[in-house]
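A short write-up of the structure that comes next.
The values are calculated or read from the model by the stated rules, or taken from the named source; none is laboratory data. This structure is a prediction, so every number in the text was calculated from the model and none was measured. Cβ sites come from the backbone with ideal geometry, for glycine too, and all protein chains shown count toward neighbours. Just the protein is used for accessible areas: all its heavy atoms, side chains included, with ligands, DNA and RNA removed. Shrake-Rupley method; radii C 1.70, N 1.55, O 1.52, S 1.80 Å.
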Amino acid sequence: MKRFTLTRWRHVLLLGAVVTTGVACAPIEPWVKPYEREHLADPIMAIDPDPVSSSYRDHVFEVREAAKGAMGGAGGGCGCT
Amino acid sequence: MRAALRVLALAAIVVMPAARCTVLPDDRADVLYHRYQGGGVTVDGPSVLVRKKVGESVSVAANYYVDMISSASIDVVTTASPYTERREQKSLNVDYLHGKSIYSLGYVDSKESDYTGKTAMASVSQDLFGDLTTVSFGFSRGWDTIGKRGEPDFRQTTDRRNYRVGVSQVLTRNLLASLNYDNTTEQGYLQNPYRTMRYAVGGGFTGGPEIYPHTRTSNAAAAMLKYYLPWRAALTTQYRFYSDTWGIDAHTARLEIAQPLWKRWVLTANYRFYKQNAADFYSDLFPSANYQNFMARDKEISAYTGNTVGIGASYEYKVDRISWLKKVTINVSLDHMMIDYDNFRDLRNASAYAPGEEPLYSLRANILQVFFSFWF
């Protein structure tokens with residue numbers, strides 16, 4: 001399998017930053033209005049409803065696996081405007 | 001290493017999700033009992049997490065976590081003696097809300113008899129586009145000190161740096177997505193001082209010291225979709241790709257459904273798949289003592305496939321008698337982990353087999369969590 005090198009990861013990150021910057025500068029209308037976010041605001045849609053539990057579970061897996069990181073949510077989208 | 005991994009996990013959940021939609025997290029206390037049992041190892045203990053707002057713009061979270069370890073694992077019974085250990089971890093995290101941004105600072109301190117870990121972290125998140133998008137950046141730095149029981153002069157150190165970027169996005173009125181990227185560099189002593197590798201001698205084998213590289217850089221990228229189902233349930237799918245400079249690639253996939261029932265109950269079911277290949281310098285049996293410059297026989301960097309299934313239940317109490325207590329939930333979850341190793345062999349009955357012909361090792365473990373959550 002061809003390895004995904006650090007340089008290639010950096011290029012992906014740079015591309016992501018450029019795209020994000022471009023999008024951020026454009027006038028975008030929220031396509032899901034605040035009054036349409038009832039389902040997203042439901043507690044069952046919380047990205048991490050029980051941090052004390054998910055932290056422990058992540059720890060159990062990370063102790064036994066080589067892979068780690070990136071599984072936590074970045075938050076957002078609860079509709080509580 | 002256990003402490004370092006624990007700190008990384010905590011950093012991910014305490015700092016990054018602190019910024020859900022430009023409001024500070026709820027005031028909340030969680031009291032959890034955890035128990036892991038499998039492969040001759042039992043780890044249990046409490047975890048208490050308390051989060052409280054201070055004024056309108058600041059939220060403070062503190063966590064106290066204990067692992068009580070009783071280990072007679074496959075590594076221990078084949079190369080050493082069973083042992084017990086206790087690890088304590090304390091952390092403090094402060095979030096500051098300013099406009100559409102949340103700035104977070106955190107510190108974690110972990111101690112066990114032969115390992116200490118200290119980690120400082122900082123992150124910022126920003127809501128954009130009418131709160132449809134949340135972008136976050138995080139950095140953490142860790143300093144670990146490794147000792148060895150029975151050798152008071154043994155002292156090694158590890159330095160860790162972790163960079164994180166994340167985006168959460170509302171895609172439709174029923175669908176959330178998030179993308180996360182992690183880069184971690186570790187430098188220093190990256191192996192377990194008690195573990196040994198094995199190499200062939202004549203018609204048998206013997207043990208020798210493991211030799212690890214002193215650096216490791218890893219990258220992980222994950223995507224998650226969370227969908228609100230028409231009958232009020234939440235379906236979560238997640239995939240992660242991981243790659244590091246030790247030659248390990250790993251795939252993780254997770255599926256979870258949360259189903260509310262009878263007003264006060266929420267039932268959950270989840271499945272998690274994991275697969276990795278071995279590190280470049282891993283071998284179950286090396287041909288000779290000095291076969292290559294790096295040599296390891298740690299099953300965590302061998303090739304294997306893991307499957308985990310779990311169920312959980314949560315019951316919500318309405319507390320009318322205590323005015324300051326908004327609600328309480330009682331939660332129980334049980335996960336069953338099944339790991340089948342592709343090139344790590346079970347040496348507990350090694351004398352019955354030729355070297356390299358022993359049966360492959362499999363791990364079966366149960367993970368129990370019982371916790372109470374209080375919103376106030």
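Multiplying the sequence separation of residue B:143 and residue B:225 by 0.36 nm and subtracting their Cα-Cα distance, what value in nm do you get?
Using 0.36 nm per residue and subtracting the Cα-Cα distance, I get 26.1 nm.
Averaging over every viewing direction, what projected area does the convex hull of the Cα atoms of the stretch B:216-349 cover, in nm²?
Convex hull of Cα atoms, orientation-averaged projection: 13.1 nm².
Check the stretch B:255-376 and count each lysine pair with an alpha-carbon distance under 18 angstrom, considering only pairs eight or more places apart or from different chains.
Close lysine pairs found across the stretch B:255-376: 6.
Kindly provide log₁₀ I(q)/I(0) values, in the same order as q = 0.15, 0.24 Å⁻¹, from the Debye equation applied to equal alpha-carbon scatterers of the stretch B:101-153.
-0.58, -0.88
Carbon and sulfur atoms: what percent of the 1.4 Å accessible area of the stretch B:161-243 do they account for?
63
In nm², what is the average projected area of the convex hull enclosing the Cα atoms of the protein assembly as shown?
One quarter of the hull surface, i.e. the mean projection, equals 23.0 nm².
Can you give me the distance in nm between label points at residue A:36 and residue B:342, each placed 7 Å from the Cα along the Cα-to-Cβ direction?
Computed distance between label sites residue A:36 and residue B:342 equals 4.5 nm.
To make sure I understand the rule: partners must be aspartates and glutamates, Cα under 15 Å from the Cα of residue A:68, and not fewer than 8 residues away in the same chain. Which ones qualify?
Here the aspartates and glutamates satisfying the reach criterion relative to residue A:68 are A:58, B:182, B:186, B:244, B:249, B:300.
Is the C-alpha gyration tensor of the stretch B:134-203 telling us rounded, prolate or oblate? Criteria: a/c under 1.5 is rounded; beyond that, a/b larger than b/c is prolate, otherwise oblate.
prolate
What do you get for the angle between helix B:2-14 and the principal long axis of chain B? Use alpha-carbon atoms, 0 to 90 degrees, nearest ten.
Long axis of B:2-14 versus the principal axis of chain B: about 20 degrees.
Could you work out the Kirkwood radius for the stretch B:58-197, taking every pair of different alpha carbons, averaging 1/r and inverting it, reported in Å?
When all Cα pairs of the stretch B:58-197 are included, the Kirkwood radius is 18.1 Å.
Could you tell me how many cubic angstrom of Cα convex hull volume the stretch B:323-376 has per residue?
For the stretch B:323-376, the hull spanned by Cα atoms encloses 90 Å³ per residue.
Using only the Cα atoms of the stretch B:198-243, construct the convex hull and provide its projected area averaged over every direction, in square nanometres to one decimal.
Hull-based average projected area comes out at 7.1 nm².
If r is the Cβ-Cβ distance from residue A:8 to residue A:29 and R0 is 35 Å, what FRET efficiency results, to the nearest 0.05?
Calculated transfer efficiency: 0.50.
Under the 0.36 nm per residue contour assumption, what length would be gained going from the current alpha-carbon distance of residue B:318 and residue B:253 to full extension?
Length gained, residue B:318 through residue B:253: 19.8 nm.
Rg to Rh ratio, chain B, alpha-carbon atoms and Kirkwood radius?
Ratio value, two decimals: 0.99.
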